[in-house]
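Following: one structure in structure tokens, then a few remarks.
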Amino acid sequence: MIAVYETLVGIVLVIGALFCLVASIGIIRLKDVYMRMHAASKAGTLGSGLMLIALALHAHQLDVITRAAAGVVFFLLTAPVAAHLLAKAAYEVGYKPCADTKIDELAKDGKAKEAD
């Protein structure tokens, strides 16, 4: 039974690490700040959360499990809000979406316009 339990922890840890790898590749390869932020906030949050869950499954101490659960909740609450605020601030200072973005929902006149 212990081997099955440790295998489950290992699988969750590897999946979390793969999501973090995908997030880091997305940060390097994607075209503009908005796409990069999306990769970092979505895949990075999922990867970090899965690794913290693996830690909570592996630990046999209540304080470690509580801190890992608090970390997962913290990531889930803060990462999407931070990404949204950073994207809005980037748009306000003039970073326009790349040409792959077909519709600019934040155009000044309130209408959806095609991105430059």
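What follows draws every value from the coordinates through simple rules; no lab data is involved. These numbers come from a predicted model, not from an experiment. All Cβ positions, glycine included, derive from the backbone under ideal geometry; neighbour counts span all protein chains shown.
Under the 0.36 nm per residue contour assumption, what length would be gained going from the current alpha-carbon distance of Leu77 and Val14 to full extension?
Full extension from Leu77 to Val14 adds 20.3 nm.
By Kyte-Doolittle mean hydropathy of at least 1.6 and Cα axial length of at least 27 Å, which whole DSSP H helices of the chain are selected?
Going by DSSP H runs, the hits are 2-29.
With a 10 Å cut-off between alpha carbons and a GNM built on the chain, which of Ala54, Ala89, Ala79 moves the most?
Ala89
Please give the calculated 222 nm ellipticity per residue for the chain, where each DSSP H segment of at least 4 residues contributes -39500 (n - 2.57) and the sum is spread over every residue; nearest 500 deg cm²/dmol?
Theoretical 222 nm ellipticity from helices: -26500 deg cm²/dmol.
Keeping to pairs on different chains or 8 or more places apart, tell me how many lysine pairs in the chain have Cα atoms under 20 Å apart.
Number of lysine pairs found: 16.
Within the stretch 29-72, what residues put their amide N at less than 20 Å from the label point 7 Å along the Cα-to-Cβ vector of Tyr5?
Residues 51-69 qualify, since their backbone N sits under 20 Å from the label point.
Within 10 Å, at most 10 other Cβ atoms, and a DSSP state outside H, G, I, E, B define an exposed site. Report the longest part of the chain free of exposed trypsin sites (Lys or Arg not before Pro).
1-101
Under a point spin-label approximation (7 Å from Cα along Cα-to-Cβ), what is the Lys31-Ile65 distance to one decimal in nm?
4.8 nm
Using the Kirkwood formula on the Cα atoms of the stretch 1-76, what hydrodynamic radius do you get, in angstrom to one decimal?
Taking the inverse mean of 1/r over all distinct Cα pairs, the stretch 1-76 comes out at 13.1 Å.
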